[in-house]
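The values are calculated or read from the model by the stated rules, or taken from the named source; none is laboratory data. What you see is a predicted model, and the numbers here were worked out from it, not measured in a lab. Glycine gets a Cβ as well: all are built from the backbone with ideal geometry, and neighbour counts include every protein chain shown. What goes into the accessible areas is simple: the full protein's heavy atoms, side chains included, and nothing from ligands, DNA or RNA. Shrake-Rupley method; radii C 1.70, N 1.55, O 1.52, S 1.80 Å.
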Amino acid sequence: MKALIKDNPVRGATFTDRPIPQIGDNDLLVRVKAAAICGTDIHIYQWNEYAASRIKLPLLFGHEYAAEVVEVGKNVANFKKGDRVAAETHVPCSHCYQCTTGLQHVCQDMKILGVHMDGAFSEYSILPAVCAWKLDSSISYEIGSTMEPFGIGVHALSKTKPAGKKVIIFGCGPIGIYAQMVAKLSGAEYVIGVDVTTERLDLARKMGTDIVLNAKKVDVVEEVNKITKGFGTDIVVEITGNKGVLNDATKTLRRGGDIVLVGLFSGPVEWDLVNNVIYKEANVYGVTGRIMWDTWWSAQSMLLSGKMDVSPVITHRFDLKDYDRAFQLAESASTGKIIFNI
Ligand SMILES: [Zn+2]
Ligand SMILES: [Zn+2]
């Protein structure tokens, strides 16, 4: 099969032939149809510190995908050949405290597809059955491949009650835009999206975000103060993972408001807790991945409701062999989702 492999500890990847993998008793062998590029894949492609400290080479990377089941492990009862599936990328151990109390997504011994084990920038992939989500027949493989990042947006907003609230979301990459769409669908009074690239702010506005702010051009704290007439926002969602953003993000929050932290910072962060959290009695939530399968049910319902069309968030499509161009574009941080049709 054709596969995109990270085999050298330098920038780049190798597009090559590989044998179709052998599944275990609890796995599915799937024919990959669409796979999306995620920030983690960019780290792996660039081979920065984040990748070097986590990844054993060689690795078949890529983890956000949708596929068709072609073979079923002998212990797997609930899937059959021909099923259409999307992948939950957090692979739980199924035995630890978290896994046995409904918190599989924060499993103590969690593995991640395409990071700790081979992923899906390839024609075939092994999907542990515990991570397979049956795609509704009306959801395309392309949209299926984005349900994982879409789910992060759904999970982030699920910590709060956005109806009738002023919501600000820092970051207008795909997850940020998904979160903004979820906040709108959930009845927010208005949603403010913040980013530093015009392309992403334009996309956010196109997808229904009420107000977009370019943090390179305006003082966001001042601007939000004007927009909310000094009231502040009720809900802040931080998706940039940019250390410089966090204090300003919380300065926009009203006292007693909610802040949801989603973006991954590249190390410890200096945060004025006294003024931004304690005196404000802010509710702080950390969010990672998606609740299995609560978030997936909600995500599917939102997609099936007919009230939101996430397809324009996919802005570019490539063949797997054109991976270099796809990754260079992804590095620009000015696009929506980039998909490989495989
Ligand atoms: Zn990802
Ligand atoms: Zn576990």
Original post:
How far, in nm, would the chain grow between residue 279 and residue 205 when pulled straight, counting 0.36 nm per residue and subtracting the alpha carbon separation?
Top reply: 23.3 nm
Original post:
Tell me, what ³J(HN,Hα) does each residue in region 145-159 have, in order and in whole Hz, if you take phi through Karplus 6.51 cos²θ - 1.76 cosθ + 1.60 with θ = phi - 60° and put x for Gly and Pro?
Top reply: 5, 9, 5, 5, x, 4, x, 5, x, 5, 4, 4, 6, 5, 6
Subject >> Cα gyration tensor, region 71-115 - rounded (a/c under 1.5), prolate or oblate >> reply: prolate
Subject >> FRET efficiency for residue 16 and residue 329, using Cβ-Cβ distance with R0 set to 22 Å, rounded to 0.05 >> reply: 0.50
**OP:** Consider a paramagnetic label point 7 Å from the Cα of residue 266 along Cα→Cβ; state which residues of region 35-72 have an amide N under 16 Å from it.
**Re:** 39-54
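May I ask you to compute the full-extension gain from residue 26 to residue 229, defined as 0.36 nm times their residue separation minus their alpha-carbon distance, rounded to one decimal in nm?
Answer, rounded to one decimal: 67.5 nm.
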Subject >> Estimated dipole of region 151-286 in Debye, rounded to 20 [Cβ of Lys and Arg +1, of Asp and Glu -1, Cα centre] >> reply: 280
Original post:
residue 119's amide H: which non-local residues (gap 5+, or another chain) put their own amide H closer than 5 Å, with H modeled 1.01 Å from N in plane and none for Pro or chain starts?
Top reply: 60, 61, 114
Original post:
Can you pull the percent of the chain's accessible area that's carbon plus sulfur, 1.4 Å probe, other chains left in place?
Top reply: 50
Original post:
Which ³J(HN,Hα) values, rounded to whole Hz and listed in residue order, are derived for region 116-130 from phi using the Karplus coefficients 6.51, -1.76 and 1.60 in 6.51 cos²θ - 1.76 cosθ + 1.60 with θ = phi - 60°, glycine and proline given as x?
Top reply: 9, 8, 4, x, 9, 7, 6, 6, 10, 8, 8, 10, x, 4, 5
Original post:
Sequence-distant or interchain residues sharing an amide H contact under 5 Å with residue 33, placed H: which?
Top reply: 66, 67, 68
Subject >> Karplus-derived HN-Hα couplings along region 106-114 (A = 6.51, B = -1.76, C = 1.60, θ = phi - 60°), whole Hz, x at Gly and Pro >> reply: 10, 3, 5, 10, 6, 10, 10, 4, x
Original post:
Given H placed on each backbone N at 1.01 Å, which residues far from residue 284 in sequence or on other chains put an amide H within less than 5 Å of it?
Top reply: 259
Subject >> Solvent-accessible area per residue, Å², over region 151-286 with all protein chains present [probe radius 1.4 Å] >> reply: 45
**OP:** Please give the calculated 222 nm ellipticity per residue for the chain, where each DSSP H segment of at least 4 residues contributes -39500 (n - 2.57) and the sum is spread over every residue; nearest 500 deg cm²/dmol?
**Re:** -7000 deg cm²/dmol
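Taking square-rooted eigenvalues a ≥ b ≥ c of the alpha carbon gyration tensor, is region 146-206 rounded, prolate or oblate, where a/c under 1.5 means rounded and, failing that, a/b exceeding b/c means prolate?
Oblate is the answer for region 146-206, as a/c is 1.5 or above yet b/c matches or exceeds a/b.
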